[in-house]
Amino acid sequence: MILNLAEIIVAVALIVVIMLQMQGSGLSSSFGGGGEFYRSKQSIDKLLIFSTIVLAFLFGILSIILLIPH
């Protein structure tokens, strides 16, 4: 039960991070996709890419663990 919930949370987080990466559509313009912030857009992009990789890895591992019959 806990693993199922963890996989749902990781899946939703992965969807949100991917939507934030889309330029010109999705949620990116709502959260600073236009580049009007003082921070470097490049550092935010790096953080989003790293987050996507980590979340995708976690999603894959959780999916494999859930395939194992208990």
What length, rounded to one decimal in nm, is gained on full extension from residue 48 through to residue 8, with 0.36 nm per residue of separation minus their alpha-carbon distance?
12.5 nm
Neighbour-count ranking for 51, 63 (other C-beta within 10 angstrom, fewest to most) reads 63, 51
Residue 19 to residue 70: FRET efficiency via 1/(1 + (r/R0)^6), r the Cβ-Cβ distance, R0 25 Å, to the nearest 0.05?
0.15
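Readers should treat all values here as calculations from the given coordinates under stated rules, not as data from a laboratory. This one's a predicted model, so the numbers in the text were calculated from it and none came from an experiment. Methodologically, a virtual Cβ is constructed for each residue, glycine included, from the backbone with ideal geometry; neighbour enumeration extends over all protein chains shown.
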